[in-house]
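Trainee: I'd like to ask you about the structure that follows.
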Amino acid sequence: MTCYHCEQPLPPDEEFTALILGEERQMCCIGCKAVAETIVENGLEDYYRFRTEPAEKAEADRAVLPDLEIFNDSSVQESFVIEAGNERQAQLSLQGVSCPACAWLIERQLSKLSGIAKVAVNVGSRRASVSWDSTKLNLSDIFETIESIGYHAQPFQPDQHEQIYNKQNKQLLIQLGIAGLMTMQVMMLAFGIYFGVFGDLEIVTLNYFQWTSLLLSLPVVFYSANGFYASAYRAFKAKSVNMDVPVSLAVIGLFITSLISTFKLDGETYYESICMFIFLLLVSRYLEHKSRHKSAQISANSMTHIPVVATLIEDDSQKTLLANKLKVDQVVLVKTGETIPIDGVIVNGTSDVDESMLSGEFLPVTKKTGDTVFGGTINQSSSIEVKVTTLFKDALIQSILRMQEFAFAQKPKIALLVDRFSQYFVSAVLAISALTYIAWLWYDPSRAFWVTASVLVATCPCALGLATPSALTCAIALLNRQGILVKRADVLEQMKTITHVCFDKTGTLTEGKFTLTAVKNRSDFSDSDILQIAETLESISEHPISRAFSSENVTLRMTDSRVDVGQGIFGNINGINYKIGSSRYFTCNIPEELAECNVLLGDEDKVLAGFIVNDKTRASAKNTLEKLPYQNRYILSGDNESAVSNLASELTIENWYSECSPQQKMQHVQNFQQGDGRVLMVGDGVNDSPVMASADVSVAIAGATDIAKNSADVIMMNQSLSGISELTRVSEQSYRIIKQNLWWAAGYNTIVLPLAVTGLLSPWMGVIGMSLSSILVVANSTRLLNAKAQD
């Protein structure tokens, strides 16, 4: 005799069995038994039906499914795990997540693992974003922990994730359909009995109707409602409670009581209340399921634009290759009308590219050789050849999705407060239900149970649990649709406390497209030599001003170069140390004739020349400032006094500071924060990291190329300041809706609890009230998705 799993000999002194393919199969050890049972439990039983070789013998103390251990392989992780030193980050699709309590449970269990850096579960998209230290924790341990509490996880893939959603949606519809169909039949019989439609019924006939109602209720109780039991079981397993605990207790209690009454031919039955309760609860869950998916679709719709395949140019021939298999430096052909498959640089051709899926702007952008293009954007006018610059997992769209996912999953203070209150409220409901049952046993034993059931049913805090996350999910989805990426969900909460708004000048209030309008040369060098030196120095800078100095014809060789952030650039050219930057970069006296120059060039001893570089004010700046409700407005700029003063006057901003270093900008923000000050900082997100980090909320008017390294809380993809006023409007509207939801949920429970406890509310009334309150909260939140942006 051999082990059914590994076909090793069976031990003579021990016996282990597992139910596989409908039969008890003998196993050689506890390890094979555990693995076999896990395979069966995870729906992988066909493995045994179609395998051609026996499995390897499992270790006796091994609890991890072999399928999970494969995720420790670096070649497998390459497709979905992001690496940063020892830290790893991955997105996982989750099955079995049905409510905020599920997310809380998974987060709490994973947080106990040594090596977990960050974990955030998004209930709406059924996804988890996890960061961990690879030296302390294996990815399979994360999968195992999720599996151990009854949920299933797998690497997030957009197409597979959609399949999981469709599978869950189909199952929920079947459960809902069965519950609805059976409820109609049971209600019809109950209606006839209660209102005497069938006349005076004999005991035998009445009992027949009760047995018929019992049979019709069985699929509703044991199939349609099994999700509530599973969720309640997981909560008990984790020594916690959630909203499905009182629901499950009420359903099981009512069913058992009705069953006893049916067998004894005595007492009340509640089959119609049970079926109606489950049906209406499933209706509210289904509407919530659909609305969350709609929100997630709006935020992740960019992934639907990514083509599955790409045309690879290799050895002067073309072949089709999966887009996610492309490697850096490979060249792909993108024909007119095709979607660009991955981030890269154009190496041949010029075309107009539709980047609306990134920026929200529908006017095409002309791209030529050397320009960067992004996966998911559409090539409109002519064929181009693109050299791949990033792997698929590191592409811009993937970065955006990861940021969105963390934003969706993070919880602001009000959400954490509501979650904590909901936990206590469920415990209080269970305690009040127990006290109600005891009190009614003393007062009127015949009514004790159904009054208790009414308390459990009517006061289930489903609406309270949905009040905050449903509104926040819809608000973030709305902003994402408008090209506003929110990286922290608590930004919406912080926005309503802002007292000061500070703007960087260059590239924020202005377009950041500089032109060199004048050269003032005080040296013995010719103007062309001075320009050559300036262009060579500026060639290593990413600051917008550097673009005013052409780097295409740089011929001088520079050594020992460095960029001093917020000041200028230093470099050695032909044995002489030069520096170029603002006036604060120089310790020597600035000649008066160069006072109006905003860029200076000098050597170690003196200033050699000055340049006047002009920038254009953003067209959206004035209109945006007029719409902002904040009275305290400031410009914090590193530019010279004349340029900052002129811009402040043009935009009617009374308070401004010029020639500020990044540290000085940060100091100004910290000064504004004294007392109860709250600061919103708007900048380019790259050059002003210190001030961005110190502000309560930071917004970057950033180019798409900077998005992955941007430290701002909010990123405007369309490079327009109008997003600032839209962010303010949506944050105000979302919190208004959250307050409405919370008032409704709290008010409903406050009113219905005493009615249920005193016996004035029957179970079916509680069912209707609870379900309608949840549906109302979800419907109120989805109003945000239909809101229109301000002009």
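The values are calculated or read from the model by the stated rules, or taken from the named source; none is laboratory data. These numbers come from a predicted model, not from an experiment. Every residue, glycine among them, receives a Cβ derived from its backbone with ideal geometry; neighbour counts consider all protein chains shown. Each accessible area value is taken on the protein alone, full model and side chains, heavy atoms only, with ligands, DNA and RNA left out. Shrake-Rupley method; radii C 1.70, N 1.55, O 1.52, S 1.80 Å.
Trainee: Looking only at residues in the stretch 552-567 that are among the acidic types (Asp, Glu) and open to solvent by 50 Å² or more (accessible area, probe 1.4 Å), which one is modelled with the lowest pLDDT?
Mentor: Only one residue fits best here, namely GLU552.
Trainee: What are the residues in the stretch 622-646 that are farther than 24 Å from LEU727 by Cα and in contact (Cβ under 8 Å) with a residue 40 or more places away in the chain, if any?
Mentor: GLY638, ASP639, ASN640, SER642, ALA643, VAL644 - these are the residues of the stretch 622-646 that are farther than 24 Å from LEU727 by Cα and in contact (Cβ under 8 Å) with a residue 40 or more places away in the chain.
Trainee: Sticking with this one: Select from the stretch 1-27 the residues that are in contact with a Pro (Cβ under 7 Å, 6 or more places away or on another chain) and within 24 Å of SER148 (Cβ to Cβ) and list them in ascending order. Outline the logic, then answer.
Mentor: From the stretch 1-27, those in contact with a Pro (Cβ under 7 Å, 6 or more places away or on another chain) are 2, 6-7; that's our starting set.
Residue satisfying the conditions is CYS6 alone.
Trainee: Suppose the filter is farther than 25 Å from GLU650 by Cα, of a type in the set (Val, Ile, Thr) and in a strand (DSSP E or B); does THR587 pass it?
Mentor: Answer is no for this residue.
Trainee: Just name the residue that is nearest to LEU441 (Cα to Cα) out of those in the stretch 753-768 that are under 35 Å from the mean Cα position of the chain (by Cα) and crowded, with 22+ Cβ neighbours inside 10 Å.
Mentor: GLY766
Trainee: Would it be correct to say that TYR630 is farther than 17 Å from LYS505 by Cβ and either in contact with a strand residue (DSSP E or B) (Cβ under 6 Å, 6 or more places away or on another chain) or surrounded by 16 or more Cβ atoms within 10 Å (Cβ to Cβ) (or both)?
Mentor: The answer is yes for TYR630.
Trainee: Moving to a separate point now. Quickly run through the stretch 109-121 and pick out the residues that are under 18 Å from the mean Cα position of the chain (by Cα), modelled with pLDDT under 85 and not β-branched (Val, Ile, Thr).
Mentor: Matches in the stretch 109-121: LYS118, ALA120.
Trainee: If I filter the stretch 126-149 for residues that are among the charged types (D, E, K, R), surrounded by fewer than 22 Cβ atoms within 10 Å (Cβ to Cβ), under 20 Å from the mean Cα position of the chain (by Cα) and modelled with pLDDT of 75 or more, do I get at least one hit?
Mentor: Narrowing the stretch 126-149 to residues among the charged types (D, E, K, R): 126-127, 133, 136, 141, 144, 147.
Those left that are additionally surrounded by fewer than 22 Cβ atoms within 10 Å (Cβ to Cβ): 133, 136, 141, 144, 147.
Subsequent filtering for residues that are under 20 Å from the mean Cα position of the chain (by Cα) retains none.
So far as the stretch 126-149 goes, no, none of its residues is among the charged types (D, E, K, R), surrounded by fewer than 22 Cβ atoms within 10 Å (Cβ to Cβ), under 20 Å from the mean Cα position of the chain (by Cα) and modelled with pLDDT of 75 or more.
Trainee: Check the stretch 15-33 and report whether any residue there is β-branched (Val, Ile, Thr), at pLDDT 75 or above and touching a helix residue (DSSP H, G or I) at 6+ places or on another chain (Cβ under 6 Å).
Mentor: Yes: one or more hits.
Trainee: Do we find that VAL429 is under 16 Å from MET765 (Cα atoms), open to solvent by less than 10 Å² (accessible area, probe 1.4 Å) and touching a helix residue (DSSP H, G or I) at 6+ places or on another chain (Cβ under 6 Å) in this structure?
Mentor: On the way: under 16 Å from MET765 (Cα atoms): no; open to solvent by less than 10 Å² (accessible area, probe 1.4 Å): yes; touching a helix residue (DSSP H, G or I) at 6+ places or on another chain (Cβ under 6 Å): yes.
Judged against the criteria, VAL429 is not a match.
Trainee: Please pick out the residue among PHE586, PHE570, PHE514, PHE549 that is crowded, with 17+ Cβ neighbours inside 10 Å, touching a Pro at 6+ places or on another chain (Cβ under 8 Å) and over 30 Å from GLU732 (Cα atoms). Before you say what the answer is, go through the steps one by one.
Mentor: Values: PHE586 fails: touching a Pro at 6+ places or on another chain (Cβ under 8 Å); PHE570 fails: touching a Pro at 6+ places or on another chain (Cβ under 8 Å); PHE549 fails: touching a Pro at 6+ places or on another chain (Cβ under 8 Å).
The match here is PHE514.
Trainee: Just name the residue that is most open to solvent (accessible area, probe 1.4 Å) out of those in the stretch 217-249 that are aromatic (Phe, Trp, Tyr) and over 19 Å from CYS275 (Cβ atoms).
Mentor: Once the filter is applied, the top-ranked residue is TYR233.
Trainee: Would you check if there is a residue in the stretch 537-545 being modelled with pLDDT under 85, out of contact with any Gly (no Cβ under 9 Å at 6 or more places or on another chain) and part of a strand (DSSP E or B)?
Mentor: Looking for residues that are modelled with pLDDT under 85, out of contact with any Gly (no Cβ under 9 Å at 6 or more places or on another chain) and part of a strand (DSSP E or B), one finds none in the stretch 537-545, hence no.
Trainee: Which one is farthest from GLY566 (Cα to Cα) among residues in the stretch 647-664 that are without any contact (Cβ under 8 Å) to a residue 24 or more places away in the chain and assigned to a loop (DSSP other than H, G, I, E, B)?
Mentor: The residue in question is GLU654.
Trainee: Continuing with this model, one more query. How many of the residues in the stretch 1-32 are at negative phi and in contact with a Lys or Arg (Cβ under 9 Å, 6 or more places away or on another chain)?
Mentor: Summing the residues that are at negative phi and in contact with a Lys or Arg (Cβ under 9 Å, 6 or more places away or on another chain) in the stretch 1-32 gives 14.
Trainee: Taking the stretch 314-340 as the region of interest, how many residues are among the hydrophobic types (A, V, I, L, M, F, W, C) and not in a strand (DSSP E or B)?
Mentor: Number satisfying all stated conditions: 4.
Trainee: Another one. Test SER711 against the criterion of being polar (S, T, N, Q), open to solvent by less than 40 Å² (accessible area, probe 1.4 Å), in contact with a helix residue (DSSP H, G or I) (Cβ under 8 Å, 6 or more places away or on another chain) and modelled with pLDDT under 90, and give yes or no.
Mentor: Working: polar (S, T, N, Q): yes; open to solvent by less than 40 Å² (accessible area, probe 1.4 Å): no; in contact with a helix residue (DSSP H, G or I) (Cβ under 8 Å, 6 or more places away or on another chain): yes; modelled with pLDDT under 90: yes.
The answer is no for SER711.
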